[in-house]
Amino acid sequence: MNQTSIPEKVRRDWAGILASLLVIVFFSAYLFIFDHPLARSGSALVILSAGLICRHLVRRKLPSGEASGSAQAMLLPLRRLEDQRVRLLRMLWWNIAPLMAGLALFCLGLPRPGSYKILLPASAITVTAIVGWLTLRSLNGKIELLRAQLEITEKLR
């Protein structure tokens, strides 16, 4: 299994933190630029969501060393994938969903009429749902493959 090195994970986390901070800065400005309540509510929700994402990235722990013992070492990749699946679901529910809801409110509160008010949030939500579904599908496939390999290994013992 090809695993990401720790420096690359740290670099990715810092890039996510920087992106979250930029989102906070821009949508903070939008709080004062737009006076429509929906646009302001959407901006506040986007700021809150980006702050939660940033907090999550700052507090995330780096992976620990390998487990000792052959049985533990065999279960470690399965545990990591299951943990990754749980983290993905939590991230989609608690971080991405409020961000998309904030974007939808913000677009609906913009002063000019236009189809972008519906198309932009709908397309963002659709892309997020598709990417989340594909990622979960991939993780579930890897988990099932590892479980099958563990069952075969146990039968051979």
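Bear in mind these aren't lab numbers, they're just calculated from the coordinates by the rules spelled out. The model shown is predicted, which means the values in this text are computed figures rather than measured ones. Cβ atoms come from the backbone with ideal geometry, glycine included; neighbour counts cover every protein chain shown.
3J(HN,Hα) along region 143-148: 5, 4, 5, 5, 4, 5 Hz, from the Karplus curve 6.51 cos²θ - 1.76 cosθ + 1.60 with θ = phi - 60°, whole Hz, x for Gly and Pro. Annotation for Val131 and Leu150: the two label points, set 7 Å from Cα along the Cα-Cβ direction, are 3.0 nm apart.
Pairwise Cα separations in region 81-157 fall into 10 Å bins from 0 onward with the following percentages, short to long: 17, 32, 22, 15, 8, 4, 1.
Rounded to the nearest Hz, the phi-derived 3J(HN,Hα) couplings of region 83-91 under the Karplus curve 6.51 cos²θ - 1.76 cosθ + 1.60 (θ = phi - 60°) are 5, 5, 5, 5, 4, 5, 4, 5, 5, where x marks glycine and proline.
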